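This report concerns only the one structure given below.
The values are calculated or read from the model by the stated rules, or taken from the named source; none is laboratory data. Since we're looking at a predicted model, the values are computed, not measured. Here Cβ is always computed from backbone atoms with ideal geometry, including for glycine, and neighbour counts include all displayed protein chains.
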Amino acid sequence: MISTAIRLARVGSASELAAAVLMGLGYPCVMLAALVPNLWFFAAAGAVTYVADWYLHQKNSYLINRLNKIRAGLPIRFLLRQLLLVLLLAREGLAEQPVFYAAVACFLLFYGLQAPQGALATLIRLRRTMPVVTRNIDLHAVRIPDAPPRALLSRSAEKMLHLDIPAMAGVIIAAGTGADIVGYAGVAATLLLGLLYTAALVPYLRRKRRVPGAGAVLKAVGTWLREYQPTVALYFSGSDDSAYQVNMWLETMEQVDGRPLIIMRERGLVNKLNPTSVPILCVPGGQHLMAMDLSSVRVCLYAANVGKNIHMLRVPTMKHVFIGHGDSDKLASVNPFSKVYDEVWTAGKAGRDRYALADVGVRDDDIVEVGRPQLAPITGWTGTPKNPVPTILYAPTWEGWDNNPGNTSLLLAGENIMRRLLNAPRPVRVIYKPHPFTGLVNKKAKAVDERLQKMVAAANAERAADPRWAEEAAAAQGRQSQARAELTRIEARLAALTRPGRKGGDEAEESRVALADPQRLAEIKRLRAEWNDAYWRSFGWWEHKVVTGTEPKLYDCFNEADGMVSDISSVVSDFIASGKPYAVTDSAALGAEEFTRQNTAVRAAVILTNSAAELDELLAAVADPAADPLARNRRLLKRYLLGPDEPTSMERFNAAVRALAAKAEARNTGVAQRLAGRPIGELGEEADGAGAEPPAAALDTVDEKGADKENGAEPTLAH
């Protein structure tokens, strides 16, 4: 029942739900206490509302946002509490007393102070917001001062409002005890603290505390671009949850031939990127991006199909390539939007055939097979489980934007799969890793995900009480404690290394200090490997595990598992690189023959119905190579999906970059020669003549800002 209430209220935990209930009941109680009147009941109920409100804000509760939407935001709630205190004083017969007038005057003056305090805080934030956010880019030409103390600007409005507590407490005590001096002291404290808070913000408006204007910052970026001369760019725009789509390409960009650059469009995504040596330039404003000199870039790579891609696609001097963020049989992998790119790079021949079958306008000549450079960390199958108990990874995908029943196994098969794995006659360990977007479209999927996590927890509790595992647990206790201590140490060090600059710095300050440090990056890489090793040692090889968040990574789970159950997605294609047995769920109940015909990646899979009855075949193949009839099929399918092992994927990727860069160079040279050979008089006559058609080369340089305005809002083309 509690879990249902949590889901309906859209809160994250039982404590958050309790705080919401207390706040919901607290305000009516405050009103009742003011009307009765009952001074101490008012004080107790008011204290509950303060604490509950504060807790929900600390948790960034969804309910707080909903209250703002219905005009019951934080300032209104504080004002209501203060007005009810005034009502309480009147009901107590204190309307003619000096403390009553002091309270009213205090609240009026206090609200008057909130306007300049809020204006100053907002102005400081605006003055420190640069038109770009950078990493590994030297902006020494721009003087960027340290950010104001975090205590001043973080939740500044909330902090200002809470300064009414001395006045509220003092007036209540004065009304209850007759000690008016306490009320006056509380009123004075509230007003003084409000004045001090406002005054503390003023120095940060001085010129030397402000970030230079947009013009100076963009000029410094332009200077850096001219000096660095980037040749290969990875362009990305996406939602707050999509940073993984860039992170998967970071190591590839570090190894790419040429001078790489990552161009992003959303500020909030920059801090979600993993540490890298590649320069990162985030340009939120389309007009700023289109005004930048990116003429040295010859190849631009796109990891997602989104509307903002148009701001880069309009540049004719570079070649544009769709590389995506996964290679699968989903319809999104053959998005018709892909035909706007000069080339589409796929992992293997399967991707080429996929576009041919879809017939969405992508020419076969424009498809290049480059493999999947990201799969290098995946270790191959040895033929036997790495632990006494085999490990099965269940990694379902999410429900997708269209919520098609065939997208995810969670809704129709998830509980059956988990139940059969947890209750397998020959014990296995389950690693459950749901997709980060689970429940984004269909809340039922999120509910199933929660039930699966509870099933895993219950199964672990049963194993902990089972004598078969108790001896193993006792023997491993010391090693696990040591591993957990290592995790704590490594995490503390990683936190210090991965956050550039001092604690409390804002994005402007971090842009100043976040420069590539090879030694720091090497240490981060080493520590991440140590963290991954310690993580898997921190619990028993027989213990089930739910893995959420960014760590451990999906490929780390691949390496820990001996087999996998998943859905049609790039997860399956990537797992095939390991050569390990796997199963895929036919959630739409197409039937094995039709399911295999439509989805290349299942040609070497155990195909599951929604009952998951076929799981025994997978478990047998994992336990005994002799019971694995699909091993040869997996080897053949791996080459078809991901390309040959030699040359390496990174070598093929770089060869494709060089070849396309040469095409861009040839195009630019040809355009320059044609323009140079055109008689000036002829160009002038065309400009003056009515209906004259401009040369094709000239069309490439037309400013498209007007076209952008005509197009209006940019639709997102989800991949």
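Summary of values
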| quantity | calculated |
| --- | --- |
| Subset of the stretch 499-545 (residues that are in contact with a strand residue (DSSP E or B) (Cβ under 7 Å, 6 or more places away or on another chain) and surrounded by 19 or more Cβ atoms within 10 Å (Cβ to Cβ)) | 507, 511, 514, 542, 543, 544, 545 |
| Residue 587 being of a type outside the set (D, E, K, R) and more than 27 Å from the chain's Cα centre (by Cα) | yes |
| Candidate set from the stretch 381-407 (those that are over 19 Å from residue 434 (Cα atoms) and in contact with a helix residue (DSSP H, G or I) (Cβ under 6 Å, 6 or more places away or on another chain)); member that is modelled with the lowest pLDDT | 383 |
| Filter result for residue 291 (crowded, with 17+ Cβ neighbours inside 10 Å, more than 22 Å from residue 402 (Cα to Cα), of a type in the set (Gly, Ala, Ser) and assigned by TED's automatic domain parsing to the domain that holds residue 367) | no |
| Subset of the stretch 64-108 that is basic (Lys, Arg) and over 36 Å from the mean Cα position of the chain (by Cα) - its residue that is nearest to residue 34 (Cα to Cα) | 91 |
| Selection count where residues are of a type outside the set (Val, Ile, Thr) and surrounded by 18 or more Cβ atoms within 10 Å (Cβ to Cβ), scope the stretch 192-209 | 5 |
| Strands (runs of 3 or more DSSP E) completely within the stretch 268-348 that count 1 or more residues being charged (D, E, K, R) | 319-322, 343-346 |
| Residues (within 17 Å of residue 623 (Cα to Cα) and part of a loop (DSSP other than H, G, I, E, B)) located in the stretch 414-441 | 423, 424, 425, 426, 427, 428 |
| Selection status of residue 605, touching a Gly at 6+ places or on another chain (Cβ under 9 Å) and among the aliphatic types (A, V, I, L, M) | no |
| Qualifying residue in the stretch 604-618 (condition: surrounded by fewer than 16 Cβ atoms within 10 Å (Cβ to Cβ), among the aliphatic types (A, V, I, L, M), out of contact with any strand residue (DSSP E or B) (no Cβ under 6 Å at 6 or more places or on another chain) and assigned by TED's automatic domain parsing to the domain that holds residue 415) | yes |
| For residue 450: the one exception among (1) at positive phi; (2) in contact with a helix residue (DSSP H, G or I) (Cβ under 8 Å, 6 or more places away or on another chain) | (1) |
| Cβ pairs under 9 Å, 6+ apart, first in the stretch 295-308 and more than 17 Å from residue 232 (Cβ to Cβ), second surrounded by 22 or more Cβ atoms within 10 Å (Cβ to Cβ) and of a type in the set (Ser, Thr, Tyr) | 304/237; 305/338; 306/237; 307/237; 308/235; 308/237 |
| Residues of the stretch 562-585 that turn out to be in a loop (DSSP other than H, G, I, E, B) and buried (at least 24 other Cβ atoms within 10 Å of the Cβ), as a count | 6 |
| Matching residues in the stretch 229-251 - criterion: being surrounded by 22 or more Cβ atoms within 10 Å (Cβ to Cβ), modelled with pLDDT of 95 or more and of a type in the set (Ser, Thr, Tyr) | 235 |
| Any chance residue 494 is at pLDDT 85 or above and assigned by TED's automatic domain parsing to the domain that holds residue 396 | no |
| Residue 163 within 24 Å of residue 122 (Cα to Cα), surrounded by fewer than 17 Cβ atoms within 10 Å (Cβ to Cβ) and assigned by TED's automatic domain parsing to the domain that holds residue 113 | no |
| Every residue from the stretch 633-669 that is more than 11 Å from residue 348 (Cβ to Cβ) and of a type in the set (Ser, Thr, Tyr) | 648, 669 |
| Odd one out for residue 37, checked against (1) within 19 Å of residue 184 (Cα to Cα); (2) in a loop (DSSP other than H, G, I, E, B) | (1) |
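So that you can scan it fast, the table gives a plain yes or no per residue for (1) within 24 Å of the chain's Cα centre (by Cα); (2) surrounded by fewer than 20 Cβ atoms within 10 Å (Cβ to Cβ); (3) touching a residue at least 12 places away in the same chain (Cβ under 8 Å):
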residue	(1), (2), (3)
388	no, yes, yes
394	yes, no, yes
397	yes, no, yes
419	no, yes, yes
437	yes, yes, yes
465	no, yes, no
